[in-house]
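Single-structure report; data block below.
The values are calculated or read from the model by the stated rules, or taken from the named source; none is laboratory data. Note that the structure is a prediction, hence the values are computed from the model and not measured. A quick note on method: Cβ atoms are made from the backbone with ideal geometry, for glycine too, and the neighbour counts reach across all protein chains shown.
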Amino acid sequence: MKNDIKQKIKKIKLLALDVDGVLTNGTINLDEKGRELKVFNVQDGFGLVLLKRCGLKTAIISARSCGAVTARAKDLKIDKVYQDAYPKLKAYRELLKELKLKDEQVCFVGDDLPDMCVFKKVGLSVAVANAAKEAKQMADYVTKKNGGAGAVREVVELILKTQGKWKEVLETMERGSR
């Protein structure tokens, strides 16, 4: 990994995420009543739990709105959730203000064109492996894993390992403590 990416990662205090195509595989499932169902990756979720245990903040910025996202965010104790956030830049600016953070302290993970305006602002922009070509070209880092299939966990581990916090995570897990 390039040294400039490592330096960016060391400054990160907040991991902000898109939902469709990042926390999910991008498929929209509707039941017979038109209710939206989403499938989330458990390892991505546990990665977010580990990130929070290490003192970092988490956020969701989604252009869409869905009750499943609200429920998952509550379950994972996500610090800030913005749904119906389009364009996403307004929600991003509000997020920085609320958490008293600077652009360089934020990592944002996205997968498509509406995420690119946030990519331009954050300290570390990440596109998932199956993101739109333009998003991958703009991103500082592209994951090896696809959205909804471990990409978020990959980013969490990258941040915690680069910040020197992964060893502590492993030791805590080996002791069986929370």
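Restricting to region 150-163, name every residue that is under 15 Å from G21 (Cα atoms) and either of a type in the set (A, V, I, L, M, F, W, C) or outside any helix (DSSP H, G or I) (or both). Result: G150, A151, V152, V155.
Quick check on region 69-82. Is at least one of its residues within 26 Å of V169 (Cβ to Cβ), of a type in the set (D, E, K, R) and touching a Phe, Trp or Tyr at 6+ places or on another chain (Cβ under 7 Å)? The answer is yes, given that some residue of region 69-82 is within 26 Å of V169 (Cβ to Cβ), of a type in the set (D, E, K, R) and touching a Phe, Trp or Tyr at 6+ places or on another chain (Cβ under 7 Å).
Within region 80-125, the residues that satisfy the criterion of being within 19 Å of V69 (Cβ to Cβ) and among the aliphatic types (A, V, I, L, M) are V81, A85, A91, L95, V109, V118. Would region 142-149 turn up any residue that is crowded, with 18+ Cβ neighbours inside 10 Å, modelled with pLDDT of 95 or more, part of a helix (DSSP H, G or I) and not basic (K, R)? Checked against the condition, which is being crowded, with 18+ Cβ neighbours inside 10 Å, modelled with pLDDT of 95 or more, part of a helix (DSSP H, G or I) and not basic (K, R), region 142-149 yields no hits at all.
Screening the candidates K33, K52, K13 for the property of being surrounded by fewer than 20 Cβ atoms within 10 Å (Cβ to Cβ) and within 15 Å of Q105 (Cβ to Cβ) yields one hit, K13. Would you be able to say whether some residue in region 104-120 is without any contact (Cβ under 8 Å) to a residue 12 or more places away in the chain, surrounded by fewer than 14 Cβ atoms within 10 Å (Cβ to Cβ) and either more than 24 Å from V42 (Cα to Cα) or among the acidic types (D, E) (or both)? No: zero hits. Looking at this structure, is V19 of a type in the set (V, I, T) and either more than 20 Å from M138 (Cα to Cα) or modelled with pLDDT under 95 (or both)? No: the conditions fail for V19. Consider L101 carefully, then state whether it is touching a residue at least 60 places away in the same chain (Cβ under 8 Å) and in contact with a helix residue (DSSP H, G or I) (Cβ under 9 Å, 6 or more places away or on another chain). So L101 passes the test.
In region 122-136, the residues that are free of Cβ contacts under 8 Å to residues at least 24 places away in the same chain form Cβ pairs under 8 Å with partners that are assigned to a strand (DSSP E or B) and surrounded by 21 or more Cβ atoms within 10 Å (Cβ to Cβ), at six or more places apart or across chains, as follows: S125/C107; S125/F108; S125/G110; A127/V109; A127/G110; K136/A127.
Scan region 60-94 residue by residue and report those that are surrounded by fewer than 18 Cβ atoms within 10 Å (Cβ to Cβ), among the hydrophobic types (A, V, I, L, M, F, W, C), over 18 Å from L113 (Cα atoms) and at pLDDT 95 or above. The answer is A71, and nothing else. Do the conditions hold for D20, that is, is it in contact with a Gly (Cβ under 8 Å, 6 or more places away or on another chain) and either assigned to a helix (DSSP H, G or I) or aliphatic (A, V, I, L, M) (or both)? The answer is no for D20.
For K38, the conditions (1) within 19 Å of A73 (Cβ to Cβ); (2) surrounded by 14 or more Cβ atoms within 10 Å (Cβ to Cβ); (3) touching a residue at least 60 places away in the same chain (Cβ under 8 Å) are fulfilled apart from (3). Return a yes/no flag: does region 100-108 have any residue that is under 19 Å from G21 (Cα atoms) and of a type in the set (A, V, I, L, M, F, W, C). So far as region 100-108 goes, yes, one or more of its residues are under 19 Å from G21 (Cα atoms) and of a type in the set (A, V, I, L, M, F, W, C). K8 passes every criterion in (1) under 18 Å from D84 (Cα atoms); (2) in a helix (DSSP H, G or I); (3) of a type in the set (K, R) apart from (1).
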